[in-house]
Amino acid sequence: AVALQSRGFDVLVLEADASLDSRKQGYGLTIQRQDAMQAMGINLAQDDAPSTSHYTFSADGAILGFFGEAFGDKSKVRRESDASGRFIHIPRQKLRARVVEQLRPGTIRWGSKLRSFECRRGAGVAVTLADGTTLDAALLVGSDGIFSTVRRQLAMPGDRLHYVGLVVVLGILDGSVPLTQRRIFETVDGTTRLYAMPFTSSSTMWQLSFPCSEEAARTLTKDAAALKAELLSRCRGWHDPIPALLADTPLDGMSGYPVYDREVLEPAVLRPGAGAGAGKPGLAGRPAPQDRVTLIGDAAHPMTPFKAQGANQALSDAVLLAEALVQGVREHGALAGLDAALPLFERRMLSRSARVVVGSREKAKELHSSLALQPGRKVQRDTGVDMPRVVRALRAGGIGSGSATDPRGLDAVVAEVVDRTSASASHAAELDAIFGKRPAAPPADQAPPKRAKRAQCSALGAPGAPPLDADGAHFEWRETMRALLETAGEAGLRRKRLRKLVLRLYLRHLSRQPEAAREEVCWWRAHPAELQALFRKHLRAAKGVGLVRTQGKMVRVG
């Protein structure tokens, strides 16, 4: 209605609710389509309950993945108090209030429930309300949700709800917990999934879902006490604060529902007889007359909530419809413009939303299966992080959901591990280049001219080179070789493999030493030939005292 009214159309909203606050609208939305909101002149920044990171945990609190502004390249200083990013978290009721504020007084007719409508092809729609009131309109837009009365009366063939095999429970708890302060988290165990996010700056919303038969789901969601008992049973033993989060949520602060969607709607089914040329001028230069009824939002393309796209798709639909009607009226006039616009709008809307409907159904399956437990399932594009490697490092360091109470903040703790792991990965890549077929190019500020470098490296011990008889800050060369070979067993190791392992440990050892020793690392990385010569020297020494023996390309314990 806002999108249409802002473009000059007269709009009447028939709302079944008696007033804005007559029915509970107690859950939160994640608004991703800021462009749609801006197109309608609605600013939600003041209502945002921001988050800068998103974590996935296993039931024991181990981190399976993470992403968000806190870890992006654009976040120069990782502080959890920084401003929010691109997505807006807002209570549904607050969004409704902001939309209503944009409408002209009298636009909404509260307490008006649709009974039926009659299309007068090319001449509008006659609408009858539950109280017997009749209205005439040029266009009827059904935006009445997944159980749409408008859609049902269109009587499209084969149109039925599809139960996806899951029940969803929503809850709101006054007060925030450390794990949801400016943060979203989800916890999965391969069957049940909990998702929690800031609802307002002082409250938390959670959504818990699990597989259930349709009959059991209908029964369970009608009994709040039984539903809560089921949740507590499923999440007993899960990491903090989940058991307390569920237990502390009052019964009147939670609700559940079976999850339904519908098969992707084809334009030709929604508008029979409207082929690819529908909406274009006919022989008389006018668009073919149409039934002036259409659908948007969940009435047109209901989807599961697991990609958080329902509200976003509806907002996009509203803007698209308004733009299509404006173009149609501009090109064909007030009434014929509607006939031209509707088929074009529906094709574009259903084409865009079809992949989201399918994707949301697939996401529902994934999140309640063993796939959800795979580390690094979500990867942030702008970080270049090796997520499986970081996840292993986090687990090894005991960093998980409990780290939310760390004074530095969970994001900062994880960011430190990311930085260390990235540095380690970079180091390993350099070593691979050093010991591969072609050595890595030295940094620009360390690479001498080609002739000078050849002269510099012509003899070991040349000016600027660390002396080869240095002990590398007490690095135990012989013992390291012997330990590696003993681990390899009687087969031994290829000389090249042993060299790579020993020198990797040597450079790692130097990097942990005082500054003077660490400076040597840069020199060695820039001079792989000298580094390999250093290994050969110590290999000869180990062979000379009988610690190792060589045979061709193989090295074994002496």
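The values are calculated or read from the model by the stated rules, or taken from the named source; none is laboratory data. Everything numeric here is computed off the predicted structure, so don't read it as measured data. All Cβ positions, even for glycine, are placed from backbone atoms using ideal geometry, and neighbour counts span all protein chains on display. Protein only, heavy atoms only, side chains kept; ligands, DNA and RNA dropped before computing areas. Shrake-Rupley method; radii C 1.70, N 1.55, O 1.52, S 1.80 Å.
Quick notes on this structure:
- Considered as a group, the residues in region 270-302 that are among the basic types (Lys, Arg) and open to solvent by 40 Å² or more (accessible area, probe 1.4 Å) include one that is modelled with the highest pLDDT, and that residue is ARG286.
- Annotation for region 218-228: no member residue is among the polar types (S, T, N, Q), closer than 25 Å to ALA372 by Cα, open to solvent by 40 Å² or more (accessible area, probe 1.4 Å) and out of contact with any Lys or Arg (no Cβ under 7 Å at 6 or more places or on another chain).
- Pairing residues of region 114-139 that are open to solvent by less than 30 Å² (accessible area, probe 1.4 Å) with residues that are in a strand (DSSP E or B) and of a type in the set (Lys, Arg), at Cβ distances under 9 Å and at least 6 apart in sequence or on separate chains, gives VAL127/ARG115; LEU129/ARG109; LEU129/ARG115.
- Unique match (being at pLDDT 90 or above, crowded, with 17+ Cβ neighbours inside 10 Å and over 30 Å from HIS301 (Cα atoms)) among VAL356, VAL414: VAL414
- Each residue in region 158-173 was checked for being surrounded by fewer than 16 Cβ atoms within 10 Å (Cβ to Cβ), over 14 Å from GLU215 (Cα atoms) and either free of Cβ contacts under 8 Å to residues at least 40 places away in the same chain or not charged (D, E, K, R) (or both), and 2 pass.
- Region 140-157, residues that are open to solvent by 40 Å² or more (accessible area, probe 1.4 Å) and of a type in the set (A, V, I, L, M): VAL141, LEU154, ALA155
- Output for region 417-432, where each listed residue is at pLDDT 80 or above and surrounded by 15 or more Cβ atoms within 10 Å (Cβ to Cβ): VAL417, VAL418
- Residue identified as modelled with pLDDT under 95 and either at negative phi or surrounded by fewer than 19 Cβ atoms within 10 Å (Cβ to Cβ) (or both) among SER213, SER176: SER176
- Within region 387-414, residues that are closer than 15 Å to TYR55 by Cα sit with their Cβ atoms under 6 Å from residues that are among the hydroxyl-bearing types (Ser, Thr, Tyr), at 6+ positions apart or across chains, in these pairs: VAL390/THR421; LEU410/SER403; ASP411/SER53; VAL413/SER403.
- For region 433-443, residues that are surrounded by fewer than 16 Cβ atoms within 10 Å (Cβ to Cβ) and either at pLDDT 90 or above or not in a helix (DSSP H, G or I) (or both) total 5.
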